[in-house]
């Protein structure tokens, strides 16, 4: 595990996030879904929303089910299946002016490698101003070390926001398969952010592959219980 970690005072202050970009969450009916569904899901969504690649910050979140306290965790085998519950959602990150177009998805059924997802009601979810944010998937370059990856992301954030990042933490590596190649993506947490920096990273994202759920950041509730040595 590789990280940046320099202690500083908490910078989080009350803040109201602008709704220029936000997540929309669909209720779904789905009996099962491949763990490795990012490519197939993106192809289905783009049939209805071909403009997504042209709007910076837009993206398609991979679908996650809750991990349980009895030992179940998300499997990594490409043939493994997820079993969504009634509470499981499908989420897209979109610019606010595209919300009306999102309504066309309500009631349709997506075919994700033979697994059907019927989309139900949709609601908005604003981005949060958390001082700690994370992405489950940020793409690694071929042969890139975690240390080089962190340096690259620090430089990218500096260019985007003007901020020098002092706390980043890498996590587990995941494989995302496409018809052309297998991509490597890593979990990335960024901490000690002021409101503006946190929102800019969430609104813009980092790296590439938004259509595969990569580089999309979410607020994290707390980092105080995490131990850097773990």
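Condition check: surrounded by 18 or more Cβ atoms within 10 Å (Cβ to Cβ), more than 14 Å from the chain's Cα centre (by Cα), outside the structural domain of residue 37 (by TED's automatic domain parsing) and not in a loop (DSSP other than H, G, I, E, B). Does residue 153 satisfy that? Can you show your working first?
Details: surrounded by 18 or more Cβ atoms within 10 Å (Cβ to Cβ): yes; more than 14 Å from the chain's Cα centre (by Cα): yes; outside the structural domain of residue 37 (by TED's automatic domain parsing): yes; not in a loop (DSSP other than H, G, I, E, B): yes.
In short, yes.
What residue, among those in the stretch 95-122 that are at pLDDT below 95 and under 20 Å from the mean Cα position of the chain (by Cα), is farthest from residue 199 (Cα to Cα)?
Looking at the filtered set, the residue picked out is 102.
Can you spot a residue in the stretch 114-127 that is assigned to a helix (DSSP H, G or I) and over 13 Å from residue 207 (Cα atoms)?
Initially, the stretch 114-127 is screened for residues assigned to a helix (DSSP H, G or I), giving none.
No, that holds for no residue.
Scan the stretch 168-186 and tell me whether some residue there is outside the structural domain of residue 53 (by TED's automatic domain parsing), under 20 Å from residue 56 (Cβ atoms), assigned to a strand (DSSP E or B) and at pLDDT 95 or above.
Just the residues of the stretch 168-186 that are outside the structural domain of residue 53 (by TED's automatic domain parsing), to begin with: 168-186.
Still in the running and under 20 Å from residue 56 (Cβ atoms): 185.
Adding the requirement that they be assigned to a strand (DSSP E or B) leaves 185.
Then drop every residue that is not at pLDDT 95 or above, which leaves 185.
Scanning the stretch 168-186 turns up at least one residue that is outside the structural domain of residue 53 (by TED's automatic domain parsing), under 20 Å from residue 56 (Cβ atoms), assigned to a strand (DSSP E or B) and at pLDDT 95 or above.
Output the residues belonging to the stretch 140-156 that are touching a residue at least 24 places away in the same chain (Cβ under 8 Å) and in contact with a helix residue (DSSP H, G or I) (Cβ under 8 Å, 6 or more places away or on another chain).
Matches in the stretch 140-156: 140 only.
The values are calculated or read from the model by the stated rules, or taken from the named source; none is laboratory data. On a predicted model such as this, the values are computed, not experimentally measured, just so you know. Every residue, glycine as well, gets a Cβ built from its backbone with ideal geometry; the counts of neighbours run over all protein chains shown.
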